[in-house]
Amino acid sequence: MLLLIGGTAAYHVRLEAHGHVVETRHVVTPWGMAPPFRRLATPAGAEVWFTSRHGEGELKRSAAFVNHRALLWAAHTLQVDGILTWNGVGGINPLLRVGDLVVPDDLIDWTRARTARTGRRPAAPWSGPFWPAGREAIVAAARDAGEERLFDAGTYVVTEGPRLETVAEIEAAALVGADVVGMTLAPEVWLAAELGLPLASLCIVTNRAAGTAWRDERRDFSPRVAQRALGLLLRAADLLLTPPS
Ligand code: HPA
């Protein structure tokens, strides 16, 4: 089964608006409790697991304090086959505006103090951080849904947090080729790789990165972000689970 991991505003998402919740699992892992996993029927009648990495009801763990090891270990315990996530990001690339969608194809990891090991060996062979079929499905789902501001590749720089970046840090990130900035995709994608779980991400620009807000002053961390992202990831899951006949 696939797992969808909700990011920005997932703690406000109304799952019933998207499908029927058929089961809930509270998985205890060597790193503590994972957030609840809910098994959800998709519009096409398939089933996926859904979890909110920041917890439910409110932002229980902000980006820098997400228990990635518990979450990924729970995914492994539930024998998930692949993972689609959404991640709110700051836009660095000058083309990006608030609300734009980016499906990253590469990562720069500027975290320093996150634990990216579960004790398993990384899955080999190494083919880059993101799941190609998952990325294609997200892109196709967004196009099918009529999303016009979609970038089908980009580099995500992960910062340590919990503080926001300085203007100079964002300028440095732009110089080394980063398009978006966030705090959650690492170590999530490294842990998934270690456990043999392919992962692809849908990034939604929630704000312009530090020092670049003059390009677009808006900020959107509202429940709409989650409703939209979950709808798109459910469509992508259906594309992966029910190949065209
Ligand atoms: N910086 C880091 N993480 C983020 C941002 C940002 O500007 N926006 C959303 N997540």
* Which is within 16 Å of the ligand (Cβ to nearest atom), touching a Gly at 6+ places or on another chain (Cβ under 9 Å) and either over 22 Å from ALA133 (Cα atoms) or not aliphatic (A, V, I, L, M) (or both), of ALA213, ALA209, ALA229? -> ALA209
* Asked: Does the range 192-203 include one or more residues that are polar (S, T, N, Q) and over 15 Å from the mean Cα position of the chain (by Cα)?
  -> no
* **Odd one out for ILE108, checked against (1) out of contact with any Leu (no Cβ under 8 Å at 6 or more places or on another chain); (2) at pLDDT 95 or above; (3) over 14 Å from GLY182 (Cα atoms); (4) not in a loop (DSSP other than H, G, I, E, B)** => (3)
* To do: Taking only the range 143-155 into account, find how many residues are more than 16 Å from VAL98 (Cα to Cα) and touching a residue at least 60 places away in the same chain (Cβ under 8 Å).
  => 2
* Asked: Just a yes or no: is a residue in the range 8-19 within 16 Å of the ligand (Cβ to nearest atom), assigned to a loop (DSSP other than H, G, I, E, B), in contact (Cβ under 8 Å) with a residue 40 or more places away in the chain and among the hydrophobic types (A, V, I, L, M, F, W, C)?
  -> yes
* Scan the range 1-51 residue by residue and report those that are of a type in the set (D, E, K, R), farther than 18 Å from ILE138 by Cα and surrounded by fewer than 19 Cβ atoms within 10 Å (Cβ to Cβ). => ARG14, GLU16, GLU23, ARG25, ARG39
* To do: Give the residues of the range 111-131 that are among the β-branched types (Val, Ile, Thr) and either at pLDDT below 90 or on the phi > 0 side of the Ramachandran plot (or both), sorted by residue number.
  => THR115, THR118
* Asked: Looking at GLY82, GLY90, which is the one that is within 21 Å of VAL66 (Cα to Cα), away from the ligand (no atom under 16 Å from the Cβ) and in contact (Cβ under 8 Å) with a residue 60 or more places away in the chain?
  -> GLY82
* **The listed residue being touching an Asp or Glu at 6+ places or on another chain (Cβ under 7 Å), within 13 Å of the ligand (Cβ to nearest atom) and either over 27 Å from THR118 (Cβ atoms) or of a type outside the set (Ser, Thr, Tyr) (or both), out of VAL158, VAL167, VAL180** => VAL158
* Asked: How many residues does the range 171-185 hold that are touching a strand residue (DSSP E or B) at 6+ places or on another chain (Cβ under 7 Å) and either of a type in the set (D, E, K, R) or modelled with pLDDT under 95 (or both)?
  -> 1
* Any residue at all in the range 137-149 that is under 14 Å from VAL89 (Cβ atoms) and modelled with pLDDT of 95 or more? -> yes
* Can you tell me which residue in the range 20-57 is farthest from THR242 (Cα to Cα), limited to those that are of a type in the set (S, T, N, Q) and not in a loop (DSSP other than H, G, I, E, B)? -> THR29
* To do: Looking only at the range 217-226, decide whether some residue is within 13 Å of the ligand (Cβ to nearest atom), touching a residue at least 24 places away in the same chain (Cβ under 8 Å) and surrounded by 19 or more Cβ atoms within 10 Å (Cβ to Cβ).
  => yes
* In the range 69-81, is there at least one residue being touching a Pro at 6+ places or on another chain (Cβ under 6 Å) and modelled with pLDDT of 95 or more? -> no
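The values are calculated or read from the model by the stated rules, or taken from the named source; none is laboratory data. What you see is a predicted model, and the numbers here were worked out from it, not measured in a lab. We place every Cβ from the backbone using ideal geometry, glycine too, and count neighbours over all the protein chains shown.
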